[in-house]
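Below is one structure, written out as structure tokens; comments come after it.
Taken together, the values in this text are just the output of simple stated rules run on the coordinates, not laboratory data. Being a predicted model, the structure only gives us computed values, none of them experimental. As a convention, Cβ positions derive from the backbone with ideal geometry for all residues, glycine included, and neighbour counts pool all protein chains shown.
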Amino acid sequence: MVNGPSDGVAGFIPFAPPTTWQGWDRFVHTPPVARREADDGTWSQTEREDYHSELAVLRTPAMDSTFTAVRRLLLVNRRQQTGARRGLIISGPATTGKTTTMMALGRSLQVADARQHPGQGDRRPVLFISVPPAATPKMLVSEFARFLGMPVTERLTQMQITNAVCDLVCELGTRLILIDDVHLLDTRRRSGAETSDQLKYLGERIPATFVYSAIDIDSSPLLSGVRGEQIAGRFKIFRNRPLAYGTLAEKETWQELLRHLEGLLRLRAHRLGTLEHHAAYLHARTGGRIGSLSQLIREAALIAIAEGTERITKRLLDEVEVDAAAEAQARPYRPVSGGRSRSRR
């Protein structure tokens, strides 16, 4: 039996993932850790650690462009009752902010929807799911049911679950469906091809705008063959590349990002301007990947708090290992003033 979602306190999962309604709603409505002055005596070390562990989402030009593109697609699709609605695929290498962009987009739309429909707490304007590994059509639509809190039994067929999900999503006023990790669908295999067909079917049954994220969609089998042509004919592809650091405009964009990030730090002995001073070095370390930059600065800040130095220096940044993807793309760093180059692993 499939039942609708429940908003009751009973069964609330404090740390539910955002691929469930409870976890997603918590993500949307939980305010960030309050920002205080670094020398505020009422701010404990644990609270400052929590603050720097979280920090704020870095808004980039790519994120702003994605928001604009999706808002336009929502308008295009708003009155379309039949046929192929238009969607968007956010593609790019790992740690370039694809999932972060999707989640920020969903939160923005849900907050706006709540303002437009006050007192309608039973609405579900946004769904966020992730494609499971080796997904089958039934597994995929069960992820929709899981997000909505619909119990699914083994006896239910794929079509029964699909019909129940589509009916409920329509009732709940869903406008945006975010699907992460679609690159896991290998359409060269039968299960992947059938799951791709299931996505297409859901897009036709549900009057919502679909946004996918994928690692390097251009090299994915998802866009190959007849099925790939159908997807390419319905979806725009937004390529979320690492930030470049070549032209003056690109350097200014990177430096502005660092100024914003540094403005969020609450370290008692940190020298303002340090991150911007090391802009070229930080780009070389991270390869322009937003996720890698965020990890590097947050970890350095936490080390500075734990060790009592309360400042980020280049020596400290040197000690922090970044993710393997950033390490593989990192370039040798040559200081402008000369000297020996520093090669990253």
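What whole number of Å gives the distance from the Cα centroid of segment 267-335 to the Cα centroid of segment 79-114?
30 Å
Across the chain, how large is the tail of the calculated P(r) beyond 29 Å, expressed as a percent of all Cα pairs?
Beyond 29 Å sits 47 percent of the P(r) for the chain.
In debye, nearest 20: dipole of the chain around its Cα centre with unit charges on the Cβ of K, R (+) and D, E (-)?
Result for the chain is approximately 1020 debye, rounded to the nearest 20.
When the C-alpha atoms of segment 61-239 are aligned to their principal axes, what extent does each axis show, in angstrom, from largest down?
Computed over the Cα atoms, the extents are 47, 46, 31 Å.
7 Å from Cα along Cα→Cβ at both Ile303 and His117: what's the point-to-point distance in nm?
Once both label points are built, they end up 4.8 nm from each other.
Show that you can apply the helix-only estimate: for the chain, add -39,500 (n - 2.57) for every DSSP H stretch of four or more residues, divide by all residues, and state [θ] at 222 nm to the nearest 500.
When only DSSP H runs of four or more count, the value is -15000 deg cm²/dmol.
Be a star and scan segment 175-192 for residues whose amide nitrogen sits under 19 Å from the point 7 Å along the Cα-to-Cβ vector of Ser108.
175-180
Compute the long axis of helix 225-234 from its Cα atoms, compare it with the longest principal axis of the Cα atoms of the chain, and write down the angle in degrees, 0 to 90, nearest 10.
80 degrees
Can you give me the convex hull volume of the Cα atoms of segment 244-332, divided per residue and expressed in Å³?
For segment 244-332, the hull spanned by Cα atoms encloses 85 Å³ per residue.
Can you find, among Val57, Phe27, Pro151, the residue farthest towards the positive end of the dipole of the chain? Put +1 on the C-beta of Lys and Arg, -1 on that of Asp and Glu.
Going by the charge dipole, the pick is Val57.
Can you give the charge dipole size of segment 39-131 about its Cα centre, rounded to the nearest 20 debye, using +1 on the beta carbon of Lys and Arg and -1 on the beta carbon of Asp and Glu?
Computed about the Cα centre, the dipole is about 1040 debye.
Compute the signed sum of charges (Lys and Arg +1, Asp and Glu -1) over the other residues within less than 10 Å, Cβ to Cβ, of Arg86.
Value of the local net charge: +4.
Taking Lys251 as the anchor, which aspartates and glutamates have their alpha carbon closer than 19 Å to its alpha carbon, excluding any fewer than eight residues away along the same chain?
Straight-distance partners of Lys251: Asp64, Glu262, Glu276.
Which FRET efficiency value, to the nearest 0.05, is calculated for Arg188 and Ile237 with the Förster distance at 25 angstrom and r the Cβ-Cβ distance?
Efficiency for this residue pair is about 0.80.
What does the net charge come to around Ala306 if you take all other residues with beta carbon closer than 15 Å to its beta carbon, with K and R at +1 and D and E at -1?
It works out to a net charge of -2.
List the residues, sorted by chain then number, that are 5 or more residues from Ile90 or on another chain and whose placed amide H is less than 5 Å from its amide H.
Excluding prolines and chain starts, which carry no amide H, the hits are Tyr212, Ser213, Ala214, Phe238.
For segment 52-95, build the convex hull from the C-alpha positions and give me its volume per residue in Å³.
With only Cα atoms used, segment 52-95 gives 110 Å³ per residue.
How much net charge surrounds Ala208 when only other residues with a Cβ under 9 Å from its Cβ are counted (Lys, Arg +1; Asp, Glu -1)?
+2
Looking at the chain, what % of its DSSP beta bridges pair antiparallel, to the nearest 5?
If I count the DSSP bridges inside the chain, around 5 percent turn out antiparallel.
Helix 158-171 sits at what angle to the longest principal axis of the chain, using alpha carbons and giving 0 to 90 degrees rounded to 10?
70 degrees
Output the 0 to 90 degree angle, nearest 10, between the alpha-carbon long axis of helix 45-54 and the longest principal axis computed from the alpha carbons of the chain.
The helix 45-54 is inclined about 60 degrees to the chain.
Could you list which residues have their amide H under 5 Å from that of Thr20, counting only those 5 or more apart in sequence or on another chain, with H placed in the peptide plane?
Those qualifying (amide H under 5 Å, at least 5 residues apart or on another chain) number zero.
Using label points projected 7 Å from each Cα along Cα→Cβ, tell me how many nm separate Trp43 and Asn163, to one decimal.
5.7 nm
Positive end of the dipole of segment 244-332, charges at C-beta (+1 Lys, Arg; -1 Asp, Glu), about the Cα centre: which of Ala300, Ala244, Ile290 has its Cα farthest in that direction?
Farthest towards the positive end: Ala300.
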